[in-house]
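What follows is a single structure, written as structure tokens, with notes after it.
What follows is calculated from the coordinates using simple rules that are stated; it is not laboratory data. Just so it is clear, the model here is predicted, and its values are computed rather than measured. Here Cβ is always computed from backbone atoms with ideal geometry, including for glycine, and neighbour counts include all displayed protein chains.
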Amino acid sequence: MLFHLHRTGPSIDARHLSNAIWKSFLSLFGETSVADSRLFINDYDEENGLGVLQCNAESVDKVLASAALLSSIDGTQVSFWPERTSGTLKGLKR
Amino acid sequence: MPVDLNARVPSLEKLDTFVDMACKIGLTGFAVSLPLGSPITRTDNGVVILTRIDLEGNNLDVLRKQIGRVRRQSTIVSVPMRDTEIANWAAADRRVDLLTLSEPTKDHVIKESTASLAAETGIALEIPIAPLLTSSGLDRSKMLRVYRESVTTATHARMRVVLSSGAIEPILMRAPSAMWFVGTLFGMDRRHSREAVYSVPDQIVAASEHKMRTESVSPGVEIVREGE
């Protein structure tokens, strides 16, 4: 899924963003859901906040709900916007 | 067209920052509890700003007098869910638009009787998600329980549900597509959650505009002209 991370404050790198989404997902849905999700950030531009998040189809709703509830990462306030989802990277880039 | 029915803009000076954020995240408008010149205003960049009032008070007579005064001045009229007697009155009064779960504690879970009344009058249950953004762990689980039980009761009674941000700062606003997935945390399926974000707010605004323009007594009955 293509996402846009709006923020007020310093930029956030992909690793911290990924960890934050994982933690939120873990808190809401538990270890087995996280284990089954195959969640990772494929591509991310720190400056403009645009990126691609990947996970398996069954986990999409949970991953996006978890990311939407993120309010801050390392002191930077954020608002996660899932812009578009697609079954393939090619479809996303179209 | 997605509208956030509950942006808690603290002052008129901050309104522009909320408008900017609404543009960035794809909202077509939002409702605020501020004294604007008119119930509906459109900004230069096309964002619609609606006025909203949250009726406050523990006394039913006071609330009845309040709503008579404010109905024509506000696009959205909300009654916070606190007391069962007040909730039941609000659920049966067509001048109200929303019953808001503003304090997600177990005492404020909506009752079946209230939801059934509200379903008949077209009043929606509003869930502001802001409390979830500022809590975690057990506290958040307790809130989720209240939201989930209330949404289940509302859905079972065919009462409409609407999701809003309850944002006190622009960064706490959420894109409609994000709110859509937050709704699934409350037990709604994708379709109902999408309706709660995209179509129910629109329907409420349209119905409210009609209530403001006419003096509707009940469905199909309006006061067209009063006698001298």
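General remarks:
- Amide H contacts of A:D43 (H built 1.01 Å from N, in plane; Pro and chain starts excluded): A:V52 sit under 5 Å, all sequence-distant by 5 or more or on other chains.
- Rounded to whole Hz, the Karplus (6.51, -1.76, 1.60) HN-Hα couplings of the stretch B:137-146, x for glycine and proline: x, 5, 4, 5, 4, 5, 5, 4, 4, 5
- Cα gyration tensor shape of chain A, rounded if a/c is under 1.5, else prolate or oblate by comparing a/b with b/c: oblate
- For the stretch A:2-86, the relative contact order works out to 46 percent when only alpha carbon pairs closer than 8 Å and six or more residues apart are counted.
- Applying the criteria of a DSSP loop state and at most 12 other Cβ atoms within 10 Å to the GluC sites (Glu not before Pro) of the stretch B:1-94 yields B:E56.
- Exposure proxy order (Cβ contacts within 10 Å, fewest to most) of B:M1, B:M179: B:M1, B:M179
- Taking the number of Cβ atoms within 10 Å of each Cβ as an exposure proxy, the fewest-first ranking of B:K24, B:K65 is B:K65, B:K24.
- The phi-based Karplus calculation (6.51 cos²θ - 1.76 cosθ + 1.60; θ = phi - 60°) puts the 3J(HN,Hα) values of the stretch A:46-51 at 4, 6, 8, x, 8, x Hz, whole numbers, x for Gly and Pro.
- Distance violations [Cα-Cα > 32 Å] among A:K23/A:K90; A:K90/B:K14; A:K62/B:K24; B:K14/B:K211: A:K90/B:K14
- Proxy reagent accessibility, fewest Cβ within 10 Å first, across B:T100, A:T76, B:T134: B:T134, A:T76, B:T100
- DSSP-defined antiparallel bridges as percent of all bridges, the stretch B:32-170, nearest 5: 20 percent
- Chain B: mean projected area of Cα convex hull, nm²: 12.9 nm²
- Prolate/oblate/rounded label for the protein assembly as shown (Cα gyration tensor, a/c 1.5): prolate
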